[in-house]
Amino acid sequence: MVKELFKKWFKNLKLNPFSKRDQIKLGLYGPPNGGKSTLANRICLDWLGQEMSTVSHIAHETREITIKEQVTIKNKKGKELTFSLVDTPGIATRIDYEDFIKKGLKKNEAKKRAKEATKGVIDSIKWLDNMDSVIVVLDATEDPYSQVNITILGNLQARNIPVLIAANKVDLKKANLEVIRSAFPQYKVVGLSAKYGKNIEEFYEQLFKIN
């Protein structure tokens, strides 16, 4: 079911050239558990002094679009960039409530979570219409050649939405930046650890280049 909806929404998604943009909208996209919410929290803590989202070891913890308005960052030259940070639910082609049961949730809660996660996927895709630029957050320890990653990046490229790939979790031994760079050579890839802040300054510098 989710796979069919996934394909349907991406196929029918169209940009609205007359939509009003009162501020840059910077979206965090990617598969579940890549570290989108952890990165959102890192950005907000660094520049606003407060966290933005809830993180969890269970996939699809973020099941609704979360927005933090008026985030302003500065680079070494003193230039400022202000944007609305949009943390989106992880995009997946398959969501099964039994996967949540395996994580310790009871059946009713697992079914509820799966239903909310499915809606979250649809909302994430719809919201692409509103994005001025996108950070695709990938787990640097995982194989980047997945249907989800290729579909997300392919659709962003087709719509000329500026993209920065944040290869997260480089603090882990299994992380492999070169595989991600080889998979998506047309994009700038920044390796970082959202959890520990490793290489976060390079990440901020690259945000100025895509906005």
- Task: Indicate the gyration tensor shape class of segment 143-211 (rounded, prolate or oblate), computed on the Cα atoms with a ≥ b ≥ c the square roots of the eigenvalues: a/c under 1.5 is rounded; otherwise a/b larger than b/c is prolate and the rest oblate.
- Result: oblate
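Compute the FRET efficiency between Ile67 and Asn155 as 1/(1 + (r/R0)^6), taking r as their Cβ-Cβ distance and R0 = 25 Å, and round to the nearest 0.05. If you can, show how the numbers build up before the last one.
Details: r = 21 Å, r/R0 = 0.85.
Taking R0 as 25 Å, the efficiency between Ile67 and Asn155 is 0.75.
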- Task: Step through the residues of segment 131-141 one at a time and calculate ³J(HN,Hα) from phi using the Karplus curve (6.51 cos²θ - 1.76 cosθ + 1.60, θ = phi - 60°), rounding each to whole Hz and writing x for Gly and Pro.
- Result: 8, 8, 7, 9, 9, 9, 9, 10, 7, 5, 9
- Item | Distance in nm between pseudo-label sites at Gln23 and Glu116 (7 Å out along the Cβ direction from Cα) | 2.6 nm
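For each pair in Lys112/Lys173; Lys68/Lys188; Lys106/Lys188; Lys76/Lys169, compute the distance between the two Cα atoms and list the pairs where it is over 32 Å. Each step should come with its number before you reach the end.
Numbers: Lys112/Lys173 35 Å; Lys68/Lys188 25 Å; Lys106/Lys188 42 Å; Lys76/Lys169 25 Å.
Too far apart for the 32 Å limit: Lys112/Lys173; Lys106/Lys188.
Sorted by average packing, counted as other Cβ atoms within 10 angstrom per residue and highest first, what order do 27-37, 70-80, 146-156, 130-140 take?
On the way: 27-37: 25.5, 70-80: 11.2, 146-156: 17.5, 130-140: 22.6.
Ranking, from highest mean packing down: 27-37, 130-140, 146-156, 70-80.
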- Query: Looking at Ile135, Tyr187, Asn211, which one has the Cα that reaches farthest to the positive end of the dipole of segment 64-211 (charges on Cβ: Lys, Arg +1; Asp, Glu -1)?
  - Reply: Ile135
- Label point distance in nm, Thr93-Asn130, each placed 7 Å from Cα along Cα→Cβ: 2.8 nm
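Provide the gained length on full extension for the span Glu80 to Asp143, in nm with one decimal, where the gain is 0.36 nm per separating residue minus the Cα-Cα distance. Before the final figure, lay out each step's value.
Numbers: separation 63, 0.36 × 63 = 22.68 nm, distance 3.49 nm.
Fully extending the segment from Glu80 to Asp143 adds 19.2 nm.
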- Once both label points are put 7 Å beyond Cα along the C-beta direction, the Lys107-Lys195 separation in nm becomes 3.4 nm
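Since every read-out is calculated from the coordinates, none of them should be taken as a lab result. Here the structure is a predicted model, which is why all the values come from computation and not from measurement. Neighbour counts run over all protein chains shown; Cβ positions are idealised from the backbone, glycine included.
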